[in-house]
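No value in this document is a laboratory result; all are computed from the given coordinates. Remember, predicted model here, so these are calculated numbers, not experimental data. Glycine gets a Cβ as well: all are built from the backbone with ideal geometry, and neighbour counts include every protein chain shown.
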Amino acid sequence: MSNKASDSLFRLIKSLTKVEKRNFKLYASRHTAAEDNNYVRLFNAIDAQREYDEQAITRRFGVRQFSIVKARLYDAVLRSLDAF
């Protein structure tokens, strides 16, 4: 992976249908404590963007190891699709 911000998670989220997005949110809420559900918050923030802006996301959430969080969210979205 290059040093450039990867937009694969953004493209994956944008490719989901409304039903798939809803399914992910239900899946994430079942597998994460409600008060600590950063996956859904990050998912919603990325979904709200028209163009991918990783710097805006990291400023908003203050995530230190964003690449790891992003990879885990990507995997969680794929797992929710598999369970769907």
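For Ile68 and Leu26, the difference between the fully extended length at 0.36 nm per residue and the C-alpha to C-alpha distance is 12.9 nm. Remark on Asn37: its backbone amide H falls under 5 Å from none of the residues 5 or more positions apart or on other chains, H modelled at 1.01 Å from N. For the chain, the tally of Lys pairs with Cα-Cα distances below 20 Å comes to 6, considering only residues 8 or more apart or on different chains. Across the range 74-84, computed HN-Hα scalar couplings (Karplus, 6.51 cos²θ - 1.76 cosθ + 1.60, θ = phi - 60°) run 4, 5, 5, 5, 5, 5, 5, 5, 5, 6, 6 Hz from first to last residue, x flagging Gly and Pro.
With loop defined by DSSP as not H, G, I, E or B, and exposure as at most 11 other Cβ atoms within 10 Å, which is the longest segment of the chain clear of exposed trypsin sites (Lys or Arg not before Pro)? Value returned for the longest uninterrupted segment is 5-49. Here, P(r) means the percent of Cα pairs in each 5 Å bin from 0 to the largest distance; for the chain it is 3, 14, 28, 27, 18, 8, 2.
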